[in-house]
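Engineer: Structure incoming, see below.
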Amino acid sequence: MLEIAALVIGLLLPLVLQDYLTVYATRVLILCLFALSFDLVWGYAGIMSFGQAVFFGSAGYGVALLARDLGITSILLVLPAGLLIGFAFALLLGGFLLLGRHPASVIFVALGTLTGSYACDRLARGWYYLGGQNGIPSIPPMTIGSYELTEGPAYYYMAIGFLIVVYLLCRFLMRSQFGLALAGLRENEQRIAFFGYKVQHLKAIIFSLSGAIAGLAGSLYAFHEGFVWPNMLGVVISTQVVLYVLFGGSGTLIGAVIGTVVIEAVSFWLSNSYQDIWPIILGVLLLLVILFRPAGLVSLLLTERERVGNFGRSPGKR
Amino acid sequence: MALLEAKGLVKIFGKLTALNGADLTIADNEFHGLIGPNGSGKSTLMKCIAGAETPTQGTVTFGGHDITQASPAERACAGMSLKFQITSVLPALTLYDNILLALQAQTSLLNLALSRTRGVLHDKVMAMLEKFRLVDRAHEPASALSHGQQQWLEIAMALAPEPKLLLLDEPTGGMSLEERRVTGELLQPIKAHCSLVIVEHDLDFIRDICDRLTVLDQGQILQTGSVQHVQSCPKVQEVYLRRA
């Protein structure tokens, strides 16, 4: 019900919003996609990735370079490329951090990914080919045949289309028996290893999948904004996505979407109304929700049972 | 050929020698009890067999294969199953999902993603819940169960994949007398297809269900043999039974 309501609102929004707000809303939708990628690893699999921006930013830079240096802007090439770049970086980082003989601790993975994010940010700032501090400006628009997709309602509907497809795929996967295995991984990794699960494989798969989704989001973001810059790889956006998910409710896909939309909408409103102190107000608000509603905003709307979900058939059926 | 053979197991943690040359042999369909005073090495021996700890020295063979260096997952695939000393059901998941999680462990990742075995395993899940008198609560989260019922659920999870060897570390810990009696009843029928190694402090429970006993003291095997033989051994009475 909640998901259908969100979908209807999302589809109707450009009809009532002014153009500049549609552009803002498109950015928020892309960030929702990015938040889903983090929710998969943390909310569903219990892997704390504090470096999700590595996959988001590297894909953004990758497609920006394709457009700038090779003139490749076709949606059929740049989005799969972004997806692959995110996937490859996640596989690389995940392989290093998660695939040891002994299970890596949450702190090790959190600090490892955070360090990776910081290192990529510094690397981009210092690398002339990547534009240094200024990043890569003036990325040409993404194209579908000869049609140029620029910011506005068309880009909005494309972004929401990708969000819906990715959301449904994640929903299918998280409610499958694979989702149950991930729930086991999150709840008690050692226990499921003793059942015979190859927990390292499960981790590598979900981490790479999450990287691919972050990569897709990063490439959409790069073409939407028209430029990429080192912050896209850095600690700030890596932390921001953690807040989106915690605020909305980790371990639920709709929670990640709600968290992103509410934080971005409140930030937008506060920054217009209280230009000097809005970050402080936002910070206090986030703190209050996380302290008093640890399961996030979604816990106001769904019971714990609904949030965790069932994976088998209804026990009554025989 | 024995189903499980542990030879000369030594496990050293820093300056502590938890196991000092322990041997254990388990035959097919044998129920074998491990007893000994606290700190005698029972749980460490169990962990070395299950793969939770790698022995400093010695070998473990299972079904004729050396599994000393095998991971817990590899041992599980070979037919070994463990119930931990501390109950470790997955509290947020329903009882149904806890059993399904145990049953589907050998399913390929592709089949898991496509939920191909969900229908096939449904009847097995329900049968296992019924056997352990938990079927009426199948849809409740495991956290809603009493401690004794959580122990049953975990034994059911360990038994669900139909292992060749079941390792139970203090399965009746914290149970009432009635729950202990029922646990014994629930375990007896598995003898037809499964061997059991059980660490337990309740000697009456051990006497009732085990064929053979091994007594550990200070990381070494003090005595091993039939229950009657071990019970009548003066050394065992001296070291363990009197203390108990």
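The values are calculated or read from the model by the stated rules, or taken from the named source; none is laboratory data. All values reported here derive from a predicted model rather than from experimental measurement. Note that each Cβ is placed from the backbone with ideal geometry, even for glycine, and that neighbours are counted across all protein chains shown.
Engineer: Output yes when any residue across region B:68-76 is among the polar types (S, T, N, Q), under 27 Å from residue B:140 (Cα atoms) and facing chain A (nearest Cβ under 9 Å), and no when none is.
Structural biologist: No: region B:68-76 contains no residue that is among the polar types (S, T, N, Q), under 27 Å from residue B:140 (Cα atoms) and facing chain A (nearest Cβ under 9 Å).
Engineer: Is it true that residue B:59 is of a type in the set (Ser, Thr, Tyr) and at the interface with chain A (Cβ under 8 Å from one of its Cβ atoms)?
Structural biologist: No, not satisfied.
Engineer: Report the residue count in region B:184-204 for those that are buried (at least 21 other Cβ atoms within 10 Å of the Cβ) and modelled with pLDDT of 90 or more.
Structural biologist: Of the residues in that region, 7 qualify.
Engineer: Considering only region A:152-205, give the helices (runs of 4 or more DSSP H) lying wholly within it that have at least 3 residues that are farther than 21 Å from residue B:103 by Cβ.
Structural biologist: Filter on region A:152-205 gives A:153-174.
Engineer: Would you kindly identify the strands (runs of 3 or more DSSP E) lying entirely within region B:17-89 that contain at least 2 residues that are within 16 Å of the chain's Cα centre (by Cα) and either under 21 Å from residue B:220 (Cβ atoms) or of a type in the set (A, V, I, L, M) (or both)?
Structural biologist: B:31-35, B:80-83
Engineer: So which residues in region B:109-156 are in a helix (DSSP H, G or I), within 11 Å of chain A (Cβ to nearest Cβ), within 30 Å of residue A:205 (Cα to Cα) and in contact (Cβ under 8 Å) with a residue 40 or more places away in the chain?
Structural biologist: Within region B:109-156, B:142, B:143, B:154 meet the criteria.
Engineer: Can you tell me which residue in region B:44-69 is surrounded by the most Cβ atoms within 10 Å (Cβ to Cβ), limited to those that are in contact with a Cys (Cβ under 9 Å, 6 or more places away or on another chain) and without any contact (Cβ under 8 Å) to a residue 24 or more places away in the chain?
Structural biologist: B:68
Engineer: Look through region B:93-108, keep the residues that are more than 7 Å from chain A (Cβ to nearest Cβ) and either in contact (Cβ under 8 Å) with a residue 12 or more places away in the chain or assigned to a helix (DSSP H, G or I) (or both), and return whichever of them is nearest to residue A:184 (Cα to Cα).
Structural biologist: B:98
Engineer: Can you list residue pairs whose Cβ atoms sit under 8 Å apart, with the first residue in region A:285-306 being under 22 Å from residue B:139 (Cβ atoms) and the second being buried (at least 16 other Cβ atoms within 10 Å of the Cβ) and modelled with pLDDT under 85? Count only pairs 6 or more apart in sequence or on different chains.
Structural biologist: A:295/A:307; A:298/A:307; A:299/A:307
Engineer: Now for a separate question. Among (1) farther than 20 Å from residue B:48 by Cβ; (2) within 15 Å of the chain's Cα centre (by Cα), where does residue B:168 come up short?
Structural biologist: Against the list (1) farther than 20 Å from residue B:48 by Cβ; (2) within 15 Å of the chain's Cα centre (by Cα), residue B:168 comes up short only on (1).
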